Amino acid sequence: MRLPTYFVSHGGGPWPWMKDQYGPAYAELEASLVAIRQAHGEAVRAVLVVTSHWETPGFMVSSGGAPGMIYDYGGFPPHTYQVQYPAPGNPALAQRVAALLGAGGHPAGLDAERGFDHGTFSMLYPVYPKARMPVVQLSLRRDLDPQAHIEAGRALAPLRDEGVLILGSGLSFHNLRQFGPSGAAASKAFDGWLQQAMTLAPPERTAGLLRWETAPMARAAHPREEHLLPLMVAMGAAEQEPAACVYHEEDFFGSLTVSSFRFGGS
């Protein structure tokens, strides 16, 4: 079974552990994440997370067997700094990922000390709450070059036939200075462009993503594009296959428009 790939708008901070504070605010996002597990079940043997919260000069792959936790957020309740997500790593998969990237012209290193950041553990908790699924993380390249990240996705495509679920973890709107009503117009405009771009035939879709900065209100939606780049990797790994929107809200945090996408499969 060839698995699809996903770009997931992962929400904010350690939200799965803050339901008392947030109430139903994350209900739709959570349901979309649970649906990933329900759709693929035992076909998945491991997960590769392309995380927007890890940037390195060249691509790096987490290779430890028992990754720790990285609480890369601030201002949240004390209990959220005690969260544990004890999913195992997969050193063999990490080596496979690095080998594929190298063969695709993008040498990658291994980091045996890298723990799970919140772009990984908060997003994965609803998908695999028992934390038994092996997880490997892939960093972004610090230059944030869209072409390089699409090429990385192309190189990683064989993993889809090996039971590895590729999840790009980011956010379709990420301007923390306007994370509220002031960001409504920019998030809606950029999401409208993104929805249209995802419907294009593969060559046009790729070309459109390479020119993402020309989209309506692009830099208002992404002053810095690290939360968009995981989309490039996920798309590149299923470049010739159709996309589907699997999560969409127009009132995230009361006013923002955000989306997640699946590439290939169902």
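Values in this text are rule-based calculations from the coordinates and carry no lab data. Because the structure is a prediction, the values reported are computed rather than measured. Backbone-built Cβ (ideal geometry, glycine too); neighbour counts: all protein chains shown.
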* What order do you get for 187-200, 103-116 when each peptide is scored by the mean count of other beta carbon atoms within 10 Å, highest first? -> 187-200, 103-116
* Length released on extending from D251 to A35, taking residue separation times 0.36 nm less the Cα-Cα span -> 75.7 nm
* **Positive dipole terminus of the chain, leading residue within V136, M198, G183 (C-beta point charges)** => V136
* What shape does region 64-204 have by the C-alpha gyration tensor, where a ≥ b ≥ c are the square roots of the eigenvalues, rounded means a/c under 1.5, and otherwise prolate means a/b greater than b/c and oblate the rest? -> oblate
* Run the quick spin-label model on Q95 and T56: label points 7 Å from Cα toward the beta carbon, then report their separation in nm to one decimal. => 1.6
* Asked: region 212-261 to region 133-199: how many Å between their Cα centroids?
  -> 6
* Can you give the extra length, in nm with one decimal, that the chain gains between Y22 and D143 once fully stretched, where that is 0.36 nm per residue apart less the Cα-Cα distance? -> 40.1 nm
* Would you calculate a helix-derived [θ] at 222 nm for the chain, using -39,500 (n - 2.57) for each DSSP H run of n ≥ 4 and dividing by the full residue count, to the nearest 500? => -9500 deg cm²/dmol
* Lys/Arg Cβ at +1, Asp/Glu Cβ at -1, dipole of the chain taken about the Cα centre: which of Q95, A152, G13 is farthest positive-ward? -> Q95
* Structure fact -> per DSSP, antiparallel bridges as share of beta bridges in the chain, % nearest 5, sits at 35
* **Shape category assigned to region 2-97 from the gyration tensor of Cα positions, a/c cut at 1.5** => oblate
* Asked: With charges only on Cβ, +1 for K and R and -1 for D and E, what is the dipole size of region 5-263 about its Cα centre, in debye, rounded to 20?
  -> 240
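Within 10 Å, count the other beta carbons around each residue, average over each peptide in 132-145, 166-179, and list them highest first.
Put in order of decreasing packing, that is 166-179, 132-145.
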* Highest to lowest packing among 254-260, 8-14, scored as the average C-beta count within 10 Å -> 8-14, 254-260
